[in-house]
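The values are calculated or read from the model by the stated rules, or taken from the named source; none is laboratory data. Fair warning: this is a prediction, and the values are worked out from it, not measured in the lab. Note: ideal-geometry Cβ built from the backbone for every residue, glycine included; neighbour counts use all protein chains shown. Keep in mind that these areas ignore ligands, DNA and RNA; they rest on the heavy atoms of the full protein, side chains included. Shrake-Rupley method; radii C 1.70, N 1.55, O 1.52, S 1.80 Å.
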Amino acid sequence: MARFKCSHCNLEFDESVMIADGEENNPLHFCCKGCQGVYHLLQNEGLGSFYTKLGDNALAPVSSIDHELEKFDLEGFERKYVKSTSEGDKQIHLIIEGIHCAACVWLNEKVLHKQEGIIEATINYSNNKAKVVWDPSTIKLSQIIEIIRSIGYNAYPYDPALQEERANQTKRDYYSRILMAVFGSMNIMWIAIAQYAGYFTGIEQRFKDILNVAEFILATPVLFYSGWIFFRGTYYGIKNRHVNMDLLVASGAFLAYLYSIYAMVTHTGETYFESVVMIITFVLVGKYLEVLSKKQAVDTLDTLMGSTPTEVTLVRENEKSLVSVELIEIGDMIEVKSGEKLVIDGKLIHGQGSFDESSLNGESEPVFKREGDTILSGSICLDSAIRYEATRKASDSLLSSIITLLEESITKKPKIEQLANEISGYFSTIILLIAAVTFGVWYEWLSCLEEALIVAISVIVIACPCALGLATPMSTLIGIGVSAKRGVLFKEASYLETMAKATLLALDKTGTITQGKPSVVRETLIKDFDKRLLYALVSTSLHPISKGVVNFMGKMDELSLSDIKSIEAKGLEATYFGQTLIGGNPQFLVEKGIEFAIDSPYSLFAFALNGEVVAYYELQDKIRPEALQSIANIKKLGLKIIMLTGDHEQSAKAIAQQVGIEEYHSRLLPQDKAAMIDRFHQEGHIVVMAGDGINDTIALARSDMAIAMGSGADISIEISDVILLEDSPKSLYEAFLISHRTFRGVKENLTLSIVYNIITIPLAVMGYITPLIAALSMSLSSLIVVLNSFRIKRIKF
């Protein structure tokens, strides 16, 4: 049998075991999938000349060094870290190691988006966390990891429990590099002082040479060991034809280093070894402080995600066993001891006790639960041992939904961040061009290589794309963390920007401004009738008005009705052995040809039997205690508030006046509310709609941002763009306050970074800034942006 060389590694194998590839005029053969993947990756990235340089030399087949990548495709790994989307694609959250600036984020996203089969790849610069969605029939996860590694970065699955260990490892690496840099800086400054003194008072050349050599010895390890992360980033940036911040730092320091060697050897001009050391030290310390600040910013989210139990105590036939939460099925009995966190939603079966739900709704007051009560995942049992029945699987429980939302939110970038990242992607290239022009002008003007080079180095070093790249993600990450602590969950970080820009808040009345539990305040019986007919009719509806009438009537025998119809936002109709039953608001009865008119400040429910009204009920819904103050606070933020309701004019007017809303619209059907939202858009408003999530679905979908209230966690999570775990107007106000403060922080950071570059770059071009001051300024600009972002935590609610 014929033998062929592998087109990648050049090793020979029998034709029967080779993978055929390529076209008819250019056949390719590969010994394994690994060699095939690397070959096509190199060709796609324009690096096919590698095989010309390789010649007849043989390589180890990729499969022999690719064993570690195989774990990413294992079933156990996928079960733990990979999720399936509703479209059948796969999704994972990764941590990308080696990202130093916004340009690194831009490069990784661009390379991944170019790969066939990758549907989405977004990276958050503040915590280096990436969300990747791919088509498993086109590309494997191991191939995605390999692509990331091929451009100089590393990726591993995001696991909150391991984040602290990874962070400590990163800090130890920085410690050793900073220690070397600080040691070199302290010693080289003493030598520099001697040189400066000699410069002004005179110094013999032989002593000057000794001092120059000493500085060279100190500067070399600082540049190449402490500054290695910048050179590594520069290498991969050049390899992928991309200019990043690392190139600015490395080129500035290396040019100063080379010129200093030249000056030392030729005895012409002054050396700048101290500037080399200070550039590396200041920027490295700045990056380290930035890493610490970013870690502190994500601690809120990692604490919530990392503290989730992975096992629960399952009780089956009076025997207890610790099992993985993924194995719990609906109906299983779970035991929880005092101090343990619940990870699965359920119903309390045995015992009673107090539960801390502060991680869900921000309220510190414990909630007492009895047998039959619903208990939520994420709460902590405080004072007793209880047993409860699982009503959901772990993946469908509230805590899992919250964690998923938080993971999703920090990967969705606001438009302003996308713009900043685009600018950062080209920023470094522009700075290098400015530095080159500056060098040319200064050299032409003074004919002095030393002076021109130092000015150009100052321009390169002082420019700071990091501050621009950090401006938005740091603020949004901290804003999301603060809101999560308050029980306000943004589905996407971009919604912080939308909510901050909103100009109009449309509020539904029932369940939003009011408690959504109207009670009968007056019953008027016009004729005698069998109340069981009315009870049977209203029992078929889940509308709050119908529930109010049911609660007022108490428990009765239910009759079996026929032809039951529920007309949304109007009423009900049915038949019972030839009798026609109609119940609903007065307008609905008039539409059915039944005369009924009455003035009342309350909500009305009329009941007609065989075309004649026999009774009507006046109901009042209590206003939520914090509604008045919350609406007033939202107005102070500059929003116009309008109430939309299906209730009649008098009831709507009474509620609006009590909570301080000037404009309201009554007798609106669901499609009428949606039309009102469209009208607000035509008037130029950015609209946030808060409704009950049932009757207001169309209007919520039409608004720029939807907030479902008064409908329970399931509907709220499905419909809302912002989840309010504490379903109240106060939480609604806090969501607006956090978004306004966060977006203000973003604008402050962008302004700071832009103003910094506008001021410092021209000063450097004009020669007023030395490389040492440039390095210090660059580091401080990033730290100022980070520290300004932390001011968001000081919001006063």
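Numbers at a glance
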| read-out | value |
| --- | --- |
| Residue match in the range 289-311 (condition: open to solvent by 50 Å² or more (accessible area, probe 1.4 Å), modelled with pLDDT under 85 and either part of a loop (DSSP other than H, G, I, E, B) or more than 28 Å from residue 168 (Cα to Cα) (or both)) | yes |
| All positions within the range 723-771 that are outside any helix (DSSP H, G or I) and either modelled with pLDDT of 90 or more or open to solvent by 20 Å² or more (accessible area, probe 1.4 Å) (or both) | 725, 726, 727, 766, 767, 768, 769, 770 |
| Top-ranked residue in the range 498-532 [being aliphatic (A, V, I, L, M) and surrounded by 20 or more Cβ atoms within 10 Å (Cβ to Cβ); ranked as farthest from the chain's Cα centre (by Cα)] | 513 |
| Every residue from the range 372-384 that is open to solvent by 70 Å² or more (accessible area, probe 1.4 Å) and either under 18 Å from residue 309 (Cβ atoms) or at pLDDT 90 or above (or both) | 382 |
| Residue match in the range 517-531 (condition: under 30 Å from residue 737 (Cα atoms) and charged (D, E, K, R)) | yes |
| Within the range 120-142, tally of residues that are in contact with a strand residue (DSSP E or B) (Cβ under 9 Å, 6 or more places away or on another chain) and buried (at least 21 other Cβ atoms within 10 Å of the Cβ) | 10 |
| Among residues of the range 368-387, those that are in contact with a Lys or Arg (Cβ under 9 Å, 6 or more places away or on another chain) and in a strand (DSSP E or B), counted | 5 |
| Every residue from the range 533-542 that is in contact with a strand residue (DSSP E or B) (Cβ under 8 Å, 6 or more places away or on another chain) and either open to solvent by 10 Å² or more (accessible area, probe 1.4 Å) or over 21 Å from residue 602 (Cα atoms) (or both) | 533, 536, 537, 540, 541 |
| Filter result for residue 706 (open to solvent by 30 Å² or more (accessible area, probe 1.4 Å), at pLDDT below 90 and in contact with a Leu (Cβ under 7 Å, 6 or more places away or on another chain)) | no |
| Any hit, the range 345-357, residues being buried (at least 21 other Cβ atoms within 10 Å of the Cβ), hydroxyl-bearing (Ser, Thr, Tyr), in a strand (DSSP E or B) and modelled with pLDDT of 80 or more | no |
| Out of 168, 212, 124, sole residue that is modelled with pLDDT under 90 and within 22 Å of the chain's Cα centre (by Cα) | 124 |
| Conditions (1) in contact (Cβ under 8 Å) with a residue 24 or more places away in the chain; (2) acidic (Asp, Glu); (3) closer than 30 Å to residue 588 by Cα; number of the one not met by residue 649 | (1) |
| Filter result (outside any strand (DSSP E or B) and of a type outside the set (A, V, I, L, M)) within the range 121-148 | 125, 126, 127, 128, 135, 136, 137, 138, 140, 142, 143, 146 |
| Residues within the range 585-624 that are among the β-branched types (Val, Ile, Thr) and either over 53 Å from the mean Cα position of the chain (by Cα) or surrounded by 20 or more Cβ atoms within 10 Å (Cβ to Cβ) (or both), tallied | 3 |
| Close pairs (9 angstrom Cβ cut-off, 6 or more residues apart or separate chains): charged (D, E, K, R) in the range 439-463, open to solvent by less than 10 Å² (accessible area, probe 1.4 Å) anywhere | 444/452; 450/263 |
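Residue-wise test of (1) open to solvent by 30 Å² or more (accessible area, probe 1.4 Å); (2) more than 23 Å from residue 518 (Cα to Cα).
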site	(1), (2)
631	no, no
638	yes, yes
649	yes, no
667	yes, no
670	no, no
673	no, no
678	yes, yes
